[in-house]
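The values are calculated or read from the model by the stated rules, or taken from the named source; none is laboratory data. Note that the structure is predicted; figures quoted are calculated from it, not measured. Because the Cβ atoms are built from the backbone with ideal geometry, glycine has one as well, and the counts that use them run over all protein chains shown.
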């Protein structure tokens, strides 16, 4: 990565030297190094030197160059409409690309989107397969959604013990809806022993509003 060139370009932006900035940016594009292109977006955003649209363009260049982090970033941007038009289909495409390069969180996101049919055909069996593989190494949201699939029998047979297991793993990571699910399962004795005291503790662990609110940035499957 040519960090010196990135810093020179962004310093020129900061002092209003458009000629130098344009020359440096042209060199970065000509060199075509995805890590350098992505650094322009990250540093430009951090110091508020570039607009969302400008950052998105540099992220896109890096993603097209094959950088997994940039592919994931493009997925986030397309899902939320940050600097690019919101598009579930484009988000799914970029998450899939990042997942194919070893980004496990992006891989989990494709499973969540397949579960809902967002940006792709709805496919519970494939979604379950992807989440079963990715969730143990991914985010609390992925674990929670895997728990839901076990509890509801989506793409697999109902298995309350497995549902409780994954809700519990997500709950330990402070996922509000997972904490609620754990409390409910303790209360009902579903997938675990009935334990009113534990149920009350888990159900009190989050405010009522938080218990029902979907996690920001992830497609909800409630």
Go through (1) over 24 Å from residue 104 (Cβ atoms); (2) at pLDDT 95 or above; (3) touching a helix residue (DSSP H, G or I) at 6+ places or on another chain (Cβ under 9 Å) and name the single condition residue 3 misses.
(2)
Any residue at all in the range 143-155 that is in contact with a helix residue (DSSP H, G or I) (Cβ under 8 Å, 6 or more places away or on another chain), surrounded by 14 or more Cβ atoms within 10 Å (Cβ to Cβ), farther than 22 Å from residue 95 by Cβ and modelled with pLDDT of 95 or more?
yes
Look at the range 68-104 and say how many of its residues are surrounded by fewer than 22 Cβ atoms within 10 Å (Cβ to Cβ), in a helix (DSSP H, G or I) and free of Cβ contacts under 8 Å to residues at least 24 places away in the same chain.
2
With the condition being under 26 Å from residue 86 (Cβ atoms), I'd like the helices (runs of 4 or more DSSP H) fully within the range 109-215 carrying at least 3 qualifying residues.
124-134, 140-152, 208-212
May I ask you to list pairs of residues, at least six apart or on different chains, whose Cβ atoms are under 8 Å apart, with the first in the range 49-67 being at positive phi and buried (at least 17 other Cβ atoms within 10 Å of the Cβ) and the second being in a loop (DSSP other than H, G, I, E, B) and at pLDDT below 95?
none
Failed item in (1) under 18 Å from the mean Cα position of the chain (by Cα); (2) closer than 19 Å to residue 79 by Cα; (3) modelled with pLDDT of 95 or more, with residue 213 passing the rest
(3)
Which of the following residues is at pLDDT 95 or above and closer than 22 Å to residue 137 by Cβ: 76, 88, 22, 53?
76
Whether any residue in the range 30-47 is part of a helix (DSSP H, G or I), touching a helix residue (DSSP H, G or I) at 6+ places or on another chain (Cβ under 9 Å) and loosely packed, with under 14 Cβ neighbours inside 10 Å is what I want to check.
yes
Within the range 184-193, is there a residue that is in contact with a helix residue (DSSP H, G or I) (Cβ under 6 Å, 6 or more places away or on another chain) and surrounded by 24 or more Cβ atoms within 10 Å (Cβ to Cβ)?
yes
Spot the failing condition for residue 27; the list is (1) part of a helix (DSSP H, G or I); (2) surrounded by 20 or more Cβ atoms within 10 Å (Cβ to Cβ), and only one is missed.
(2)
